[in-house]
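Novice: Below is a structure I'd like to ask you about.
The values are calculated or read from the model by the stated rules, or taken from the named source; none is laboratory data. Note that the structure is a prediction, hence the values are computed from the model and not measured. Here the Cβ is made from the backbone with ideal geometry for all residues, glycine too, and neighbour counts use every protein chain on show.
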Amino acid sequence: MDNRKQGGPILNGLPSQVPDIDPEETEEWLASLDGLIDEGGRSRARYVMLRMLQRSREKQIGVPSLTATDYVNTIGPENEPWFPGDEEVERRYRRWNRWNAAMLVHRAQRPGVEVGGHISTYASSATLYEVGLNHFFRGKDHPGGGDHIFYQGHASPGMYARAYLEGRMSEQDLDGFRQQQSHQIDGKPSGLPSYPHPHQLPDFWEHPTVSMGLGPMNAIAQAQFDKYLQNRGVKDTSQQQTWAFLGDGELDEPESRGMLHVAAFEELDNLNFVINCNLQRLDGPVRGNGKIIQELEAYFRGAGWNVIKVVWGREWDTLLGKDRDGALVNLMNATPDGDYQTYKGESGGFVRDNFFGRDPRTKAMVEDYSDERIWNLKRGGHDYRKVFAAYKAAAEHTGQPTVILVKTVKGYSLGPHFEARNATHQMKKLTIDDLKLARDHFQIPISDKDLEADPKLPPYYHPGQDAPEIKYMQERRRTLGGYSPDRRSTHIDLKLPSDKAFDAGKRGSGKQTIATTMGFVRVLKDLMREKEFGKRIVPIIPDEARTFGMDSFFPTAKIYNPHGQNYISVDRDLFLAYKEATDGQLLHVGINEAGATAALTAVGTSYATHGEPMIPFYIFYSMFGFQRSGDFFWAAGDQMARGFVLGATAGRTTLVAEGLQHGDGHSHLLASTYPSIVSYDPAYTYEIARIVRDGIHRMYDPADERDPNVMYYLTMYNEPMVQPPEPEDLDVDGVLKGMYLLSKGPDNGGPKVQLMASGVGVPWVLEAQELLAEDWGVSADVWSVTSWTELRRDGLKSEDDRLLTPDVEARVPYVTQKMAETEGPVVATSDFMRAVPDQIRQYVPGHFTSLGTDGYAISDTRPAARRYYHVDGPSVVTQALISLADTGAISIDKAAEAARKYQLDDVTAGTSGSTEGAGA
Ligand SMILES: Cc1ncc(C[n+]2csc(CCOP(=O)(O)OP(=O)(O)O)c2C)c(N)n1
Ligand SMILES: [Mg+2]
């Protein structure tokens, strides 16, 4: 049967294998339905059937629920709550806000600036924000804690405009929109960022949203983390809610829908999505031929969410009340979004002819309506009370997250040039006529003369703080616990771990061979044992704990699950049993790297959002980190997240046999592009211990003066090797700055070379050091480079300083200083592509070459892969000899001899590395 002709989920839901035990009775029921259709008509029959379904559900007989309901409000007028505010007063200052938001963007288009902005998004959603800000969203001073509000990025002018009415921003501030550096007040850059960027306006914005799709996931992670804090007894978050404002176009992003299931199965009733369904995205309609609200209703309901639709304003209630045979609802159901959009771009007469006129019954309904009255039949999202009813129901709903689907008009109230136009998203200026129309509509007391004086700079409007409306508005915020958006970063003091906690890392592994990943896990385990500090650690794992040796955490720290463990665990008798618990410490998010990065953000910003420092240790397959979830890390940086990001199974030659999509030889390049990510590629566990300690102090030691808003990225490997103990005279400063001398070359009187390597490249330069001495009489110093990226940043900083004061002697970059004291050419290598060590090329005096794992990863043994990329000991030796020849120290024949001797062109001749602890 044609799928489209099926009767929907009810028919589909009839279990085909259950026998009909009383066919006669079944027949009677069916016959009475037929009779009902004949006598009462299809609409009546439909109504009765739906009531029967409702009753069935009340009686818990387990009928499948409908995935979509009619295209009407979920909350009928009879169920609307009493509205506690003064609607008239709230409307007045909402209008001022609309005007100021539009003027802010319009003025930003003035000659010589022309930085633009977005007008239509806020115009469509002003009511949605105002209902929240006047009645629901709690500020940070509320005794129950503040709510987390994710403001839609393109609506930012509305939030600035409100801050202006609230007295938090001045006209001068508003005029700095999108001129962050060049707009100066008292000689200081004082502009406003285009979108909600906490990094750029840290006392105001809290949650960055503007890259579409990040907001929905980050909001889910925030709500999840709030429950986590509650369940672990860290903080009472039971009154705090997360509200995320999203665009209907934004819901096309896979990320927007990608974590809905988590919100549902963790029963995040502290989470509300508000989707502004203005039916338009940037270019045109979101679903011209379909209905985005209906689609989203089915989708969210299917995912287990509570769905509230706000489709129509109160003006429709009378008409719907008269719709006895469902003709109007039928029209509503059958009209595609493309038409609804067009109606709002036309006129009341057009709506009469093209909507109501399609059925004689509906046509008759509006016969005595003027065109103007028809035009005034509003959409739900512009009806204050309908929105209020929805928010109230959402806030009070338990056991499920709620999505509110609100129908609005894009560019609402800005006149015919803006409303519902396809180009509205990008329109930035109002003509003088538009200005006058908007002024009239918003009842702004500004004369034609004042508008005409300079149409490029129409005035803002503020009635003064003593105006009753402003007093009312301020009082509302006071009652709700302060302004929003509002970001704070004061937090309780974190008790730092004792130095003893890092001993395991410093001791080395004795005779045992362990990979640096395992070494790190030992460090982490000891940190988690630290009293006070330990419970502040939140390990985050997108599956693969076993791969990284973290299954040892299962029985003690346990895996967080708000429902605990309600089944008999298959491995309950094992020492390392899989253990889920309500107060589990590990955030195990399933195979979901983007979700894990969202969790990293929520946990890593807890110091600000909750005033409770919590330290995320997000551990993942390094290939699936920055490459996979890059934009989430970017937003985490924007939100000033702090914590540790651990790229395990890094490198292109260590994770043997996994091959092309697993072998990470470039994440350090990607990481280097994030200003707040400090990245390291350590070789040994003791380096890791030092780096982790340094990171914790940088982030949370009040005595540390560096910027605390950083994330440390450490790559770790899965190749087992003896982890040496920390050398007595370790150059700790060097480890942290990016390089230190690991092994001085022998005093053999031969030519000198400098071998620099990071991570798992270090053992092979040590091998090369030996070969160079034994086979070629060359003395090689070996440097462990813990961070190519930090060395480069240090070099760039010197260059930047020099640019401004060329006549002042510049600070010599760290790597230049260190290498200036050495002799001989430099060969640099790692398990990453050459561009990673090449980052420091311009700061190394003298001859410099690099080796690396450029190209797609391959599946092979470690020795073969190392020979293939030429990063093994003999390749380093040969390159060192070439460099010595190129600098005139030896003859090139030696290098040629080496290439032949080691059979560099033969991958089967490679010997560098073991096959132990192979593929993951
Ligand atoms: C990941 C990403 N892709 C593209 C954009 C560019 N962009 C900005 S707004 C917009 C349209 C938004 O439409 P919608 O979500 O419906 O929001 P509305 O303004 O209609 O409320 C687009 C495509 C973006 N910000 N982020
Ligand atoms: Mg839209």
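Novice: In region 342-365, what residues are within 45 Å of the chain's Cα centre (by Cα) and outside any helix (DSSP H, G or I)?
Specialist: E346, S347, F355
Novice: Just a yes or no: is a residue in region 868-886 over 23 Å from Q754 (Cβ atoms) and either at pLDDT below 95 or within 43 Å of the chain's Cα centre (by Cα) (or both)?
Specialist: yes
Novice: A further question follows. Identify the single condition in (1) at negative phi; (2) touching an Asp or Glu at 6+ places or on another chain (Cβ under 9 Å) that G411 does not satisfy, given that it satisfies every other one.
Specialist: (1)
Novice: Exactly one condition in (1) closer than 30 Å to Q239 by Cβ; (2) touching a Pro at 6+ places or on another chain (Cβ under 8 Å); (3) not aliphatic (A, V, I, L, M) is false for R478; which is it?
Specialist: Here R478 clears every test but (2).
For (1) in contact with a strand residue (DSSP E or B) (Cβ under 8 Å, 6 or more places away or on another chain); (2) more than 16 Å from ligand 2 (Cβ to nearest atom), each residue gets a yes or a no:
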site: Y129; (1), (2): yes, no
site: H148; (1), (2): yes, yes
site: R162; (1), (2): no, yes
site: G167; (1), (2): no, yes
site: L174; (1), (2): yes, yes
site: Q180; (1), (2): yes, yes
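Novice: Related question: Quick one: in region 585-600, which of the residues that are free of Cβ contacts under 8 Å to residues at least 60 places away in the same chain and touching a helix residue (DSSP H, G or I) at 6+ places or on another chain (Cβ under 7 Å) is farthest from S569 (Cα to Cα)?
Specialist: Top of the filtered list is T597.
Novice: Does any residue of region 136-147 turn out to be closer than 30 Å to F265 by Cα, surrounded by fewer than 23 Cβ atoms within 10 Å (Cβ to Cβ) and within 16 Å of ligand 1 (Cβ to nearest atom)?
Specialist: No: zero hits.
Novice: Condition check: under 28 Å from the mean Cα position of the chain (by Cα), in a helix (DSSP H, G or I) and either surrounded by 24 or more Cβ atoms within 10 Å (Cβ to Cβ) or in the same structural domain as D353 (by TED's automatic domain parsing) (or both). Does V387 satisfy that?
Specialist: yes
Novice: Exactly one of (1) surrounded by fewer than 23 Cβ atoms within 10 Å (Cβ to Cβ); (2) among the polar types (S, T, N, Q); (3) without any contact (Cβ under 8 Å) to a residue 60 or more places away in the chain is unmet by T861. Its number?
Specialist: Answer for T861: the failing condition is (3).
Novice: Could you count how many residues in region 295-314 are under 25 Å from R421 (Cα atoms) and either within 16 Å of ligand 1 (Cβ to nearest atom) or at pLDDT below 95 (or both)?
Specialist: Matching residues across region 295-314 total 3.
Novice: Quickly run through region 78-108 and pick out the residues that are among the β-branched types (V, I, T) and in contact with an Asp or Glu (Cβ under 7 Å, 6 or more places away or on another chain).
Specialist: V89
Novice: Return the only residue of D339, D368, D323 being of a type in the set (D, E) and within 39 Å of the chain's Cα centre (by Cα).
Specialist: Working: D368 fails: within 39 Å of the chain's Cα centre (by Cα); D323 fails: within 39 Å of the chain's Cα centre (by Cα).
The conditions single out D339.
Novice: Let me ask something else. Kindly evaluate L251 against the criterion of being within 16 Å of ligand 1 (Cβ to nearest atom) and not aromatic (F, W, Y). Even if it seems obvious, please write down each step before you answer.
Specialist: Details: within 16 Å of ligand 1 (Cβ to nearest atom): yes; not aromatic (F, W, Y): yes.
Yes.
Novice: Restricting to region 565-606, give me the number of residues that are in a loop (DSSP other than H, G, I, E, B) and over 21 Å from S676 (Cβ atoms).
Specialist: Qualifying residue count, region 565-606: 23.
Novice: Just the residues that are more than 18 Å from T242 (Cβ to Cβ) and among the hydroxyl-bearing types (S, T, Y), please, taken from region 562-614.
Specialist: Y567, S569, Y578, T582
Novice: Continuing with the same structure: So if I check each of D325, D359, D368, which one is over 23 Å from G288 (Cα atoms) and touching a helix residue (DSSP H, G or I) at 6+ places or on another chain (Cβ under 6 Å)?
Specialist: Residue meeting the stated conditions: D325.
Novice: Among the residues of region 267-302, which ones are acidic (D, E), under 15 Å from V403 (Cβ atoms) and within 16 Å of ligand 2 (Cβ to nearest atom)?
Specialist: If the condition is that a residue be acidic (D, E), under 15 Å from V403 (Cβ atoms) and within 16 Å of ligand 2 (Cβ to nearest atom), then E295 is the only one that fits.
Novice: Right, next: Run down G258, G247 and say which single residue is of a type outside the set (K, R), assigned by TED's automatic domain parsing to the domain that holds G144 and either surrounded by fewer than 24 Cβ atoms within 10 Å (Cβ to Cβ) or in contact with a Cys (Cβ under 6 Å, 6 or more places away or on another chain) (or both).
Specialist: Answer to the check: G258.
Novice: Got a number for residues in region 268-294 being away from ligand 1 (no atom under 12 Å from the Cβ) and farther than 23 Å from K386 by Cα? Quick ask: steps written out before the conclusion?
Specialist: Taking region 268-294 as the starting set, the residues that turn out to be away from ligand 1 (no atom under 12 Å from the Cβ) are 268-273, 288-291, 293-294.
From what's left, farther than 23 Å from K386 by Cα: 268, 288-290.
Adding up the residues that qualify gives 4.
Novice: Pairs, please: C-beta under 7 Å, at least 6 apart or cross-chain, first residue closer than 15 Å to H148 by Cα and in region 205-220, second part of a loop (DSSP other than H, G, I, E, B) and charged (D, E, K, R)?
Specialist: Between residues of region 205-220 that are closer than 15 Å to H148 by Cα and residues that are part of a loop (DSSP other than H, G, I, E, B) and charged (D, E, K, R), the close pairs are W205/R487; E206/R487.
Novice: With the requirement that a residue be over 20 Å from A581 (Cα atoms), among the aliphatic types (A, V, I, L, M) and more than 11 Å from ligand 1 (Cβ to nearest atom), what does region 221-248 give you?
Specialist: Scanning region 221-248 gives a single hit, A244.
Novice: When you check E396 against the structure, is it touching a Phe, Trp or Tyr at 6+ places or on another chain (Cβ under 9 Å) and either of a type in the set (D, E) or surrounded by fewer than 17 Cβ atoms within 10 Å (Cβ to Cβ) (or both), yes or no?
Specialist: no
Novice: Sticking with this structure for a sec: Scan region 511-561 for residues that are in contact with a helix residue (DSSP H, G or I) (Cβ under 9 Å, 6 or more places away or on another chain), hydroxyl-bearing (S, T, Y) and surrounded by fewer than 22 Cβ atoms within 10 Å (Cβ to Cβ) and report the count.
Specialist: Going through region 511-561 one residue at a time, the tally reaches 3.
Novice: Still on this model: Quick check: is even one residue across region 298-313 assigned to a helix (DSSP H, G or I), crowded, with 17+ Cβ neighbours inside 10 Å and touching an Asp or Glu at 6+ places or on another chain (Cβ under 9 Å)?
Specialist: Taking every residue of region 298-313 in turn, none turns out to be assigned to a helix (DSSP H, G or I), crowded, with 17+ Cβ neighbours inside 10 Å and touching an Asp or Glu at 6+ places or on another chain (Cβ under 9 Å).
Novice: Taking region 813-854 as the search range and keeping residues that are free of Cβ contacts under 8 Å to residues at least 24 places away in the same chain and closer than 30 Å to G659 by Cβ, which one is surrounded by the most Cβ atoms within 10 Å (Cβ to Cβ)?
Specialist: S850
Novice: Return yes or no: is R257 within 16 Å of ligand 1 (Cβ to nearest atom) and on the phi < 0 side of the Ramachandran plot? Working first, answer last.
Specialist: On the way: within 16 Å of ligand 1 (Cβ to nearest atom): yes; on the phi < 0 side of the Ramachandran plot: yes.
Yes, satisfied.
Each row is one residue, and each column tells you yes or no for (1) more than 16 Å from ligand 2 (Cβ to nearest atom); (2) of a type in the set (A, V, I, L, M).
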position: L320; (1), (2): yes, yes
position: V329; (1), (2): yes, yes
position: E346; (1), (2): yes, no
position: D368; (1), (2): yes, no
position: D383; (1), (2): yes, no
position: G411; (1), (2): no, no
position: G415; (1), (2): yes, no
position: F418; (1), (2): no, no
position: Q426; (1), (2): no, no
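Novice: Listed residues H441, H491; which is in contact with a helix residue (DSSP H, G or I) (Cβ under 7 Å, 6 or more places away or on another chain) and in contact (Cβ under 8 Å) with a residue 12 or more places away in the chain?
Specialist: Criteria check complete, one pass: H491.
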